[in-house]
1. Could you please find all residues in segment 1-25 being in contact with a strand residue (DSSP E or B) (Cβ under 8 Å, 6 or more places away or on another chain) and of a type in the set (Val, Ile, Thr)?
2. Quickly run through segment 197-211 and pick out the residues that are farther than 13 Å from Leu134 by Cα and among the aliphatic types (A, V, I, L, M).
3. Go through segment 178-204 residue by residue and tally those that are in a helix (DSSP H, G or I) and more than 13 Å from Met7 (Cβ to Cβ).
4. Evaluate segment 129-141: report whether one residue or more is among the hydrophobic types (A, V, I, L, M, F, W, C) and open to solvent by 30 Å² or more (accessible area, probe 1.4 Å).
5. Which members of segment 78-91 meet the condition of being over 13 Å from the mean Cα position of the chain (by Cα) and either buried (at least 21 other Cβ atoms within 10 Å of the Cβ) or in a helix (DSSP H, G or I) (or both)?
6. Contact list please: Cβ distance under 9 Å, first residue in segment 172-200 and at pLDDT 95 or above, second residue acidic (Asp, Glu) and open to solvent by 80 Å² or more (accessible area, probe 1.4 Å), pairs at least six apart or on different chains.
7. Residue check, Asp94 against (1) within 17 Å of Ser36 (Cα to Cα); (2) out of contact with any Ser or Thr (no Cβ under 6 Å at 6 or more places or on another chain); (3) open to solvent by less than 10 Å² (accessible area, probe 1.4 Å); (4) not aliphatic (A, V, I, L, M), all met but one. Which one?
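The values are calculated or read from the model by the stated rules, or taken from the named source; none is laboratory data. Keep in mind that what you see is a predicted model, and the values were worked out from it rather than measured. Virtual Cβ from ideal backbone geometry, glycine too; neighbours counted across all protein chains shown. Accessible surface areas use protein heavy atoms only, side chains included; no ligands, DNA or RNA. Shrake-Rupley method; radii C 1.70, N 1.55, O 1.52, S 1.80 Å.
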Amino acid sequence: MSLFISMEGSDGCGKTTQMNLLEQTLREKGYSVTRSREPGGTPIAEKIRELVLDPENAAMDERAEALLYAASRAQHYKEVIRPALDRGDIMLCDRFVDSSLVYQGIGRELGVPQVAAVNEWAIRGLMPDLTLILYIGYEEGLRRKNRQTAGHLDRLEQASEAFHRRVNEGYLTLAEMYPDRVRLIDATGDIETVREAVWRVVEEKIKAAERK
């Protein structure tokens, strides 16, 4: 049984912690798991990650940014995601297409349809079976992020407050646009409460896949 699960959320939502816990739970239950991240996941994609997040590249055009993310994703698909699914693994991805839809489509105001079209070609039409959005409000996310980074911000993190507010609201919009695939998780609770909420949704999806 192969299954593709992505996890999304604004800065400070606790995504990395919950990815760690989900991977641990799946492995303990005997599932074969491949885990990766975006942008990145392969040597080429990691180089693109460095380029797109480097604060020295402040002059980068919004369309160039969107295309670089799509290029990274195309390489990631070929080297990691497709092979994992072909092996029958559960593929866990820390961010995927939905990040581009929100950050570039909504945050940069390039348009969700335009960004979706570029990425559909890059990933050969593949979308996750399940996308979990860990959602917290903008102010809480900012408070957590400031505590984590201690002032060391990448190029996207240095974007305007208006941009980050659009991103935060954009995740709610995304959940409304794709209700069959996207599940919104309240990430304001403690780590264990969020973990349980994540697992309930994932377990339901696994059971449905195993019945097919």
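1. Matches in segment 1-25: Ile5, Thr16.
2. The answer is Val202, Ile206, Ala208, Ala209.
3. 7
4. no
5. Initially, segment 78-91 is screened for residues over 13 Å from the mean Cα position of the chain (by Cα), giving 78-90.
Correct list: Lys78, Glu79, Val80, Ile81, Arg82, Pro83, Ala84, Leu85, Asp86, Arg87, Ile90.
6. Close Cβ pairs satisfying both conditions: Val182/Glu176; Thr193/Asp186; Val194/Asp186; Ala197/Asp186.
7. (3)
Each row is one residue, and each column tells you yes or no for (1) farther than 30 Å from Ala197 by Cα; (2) out of contact with any Gly (no Cβ under 8 Å at 6 or more places or on another chain).
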{"position": "Asp11", "(1), (2)": "no, no"}
{"position": "Gly14", "(1), (2)": "no, yes"}
{"position": "Thr17", "(1), (2)": "no, yes"}
{"position": "Gln24", "(1), (2)": "no, yes"}
{"position": "Thr34", "(1), (2)": "no, yes"}
{"position": "Arg37", "(1), (2)": "no, yes"}
{"position": "Thr42", "(1), (2)": "yes, yes"}
{"position": "Glu50", "(1), (2)": "yes, yes"}
